[in-house]
Amino acid sequence: VQGEIMDEFKEKAAICIDETDADYEKLMKLAEGEDVEVDKNMKCFGACLMKSFGV
């Protein structure tokens, strides 16, 4: 089940990256806990991802 959830997350994240033109490398750095400047595209990515999961 956990693997299925991660697969679904990755699919939705890829769609949201395409739709928002968010910087993939900056998103990965943020996910690893690095400090990065959050720009408009990254905020839109977050909103897109939450919307895709019904939040």
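Derivation of every value follows stated rules applied to the coordinates shown; laboratory data play no part. Note that the structure is predicted; figures quoted are calculated from it, not measured. Every residue, glycine among them, receives a Cβ derived from its backbone with ideal geometry; neighbour counts consider all protein chains shown.
Here are the numbers for the structure shown:
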{"quantity": "Around V1: net Lys/Arg minus Asp/Glu count, Cβ-Cβ under 12 Å", "calculated": "-3"}
{"quantity": "Dipole magnitude (debye, nearest 20) for the chain, charges at Cβ of Lys, Arg, Asp, Glu", "calculated": "240 debye"}
{"quantity": "Protection proxy ranking of 42-48, 26-32 - average other beta-carbon atoms within 10 Å, highest first", "calculated": "42-48, 26-32"}
{"quantity": "Net lengthening on full extension, V36/A14 (0.36 nm per residue, minus Cα-Cα)", "calculated": "5.9 nm"}
{"quantity": "Cα-based shape type of the chain, given that a ≥ b ≥ c are square roots of the gyration tensor eigenvalues and the cut on a/c is 1.5", "calculated": "oblate"}
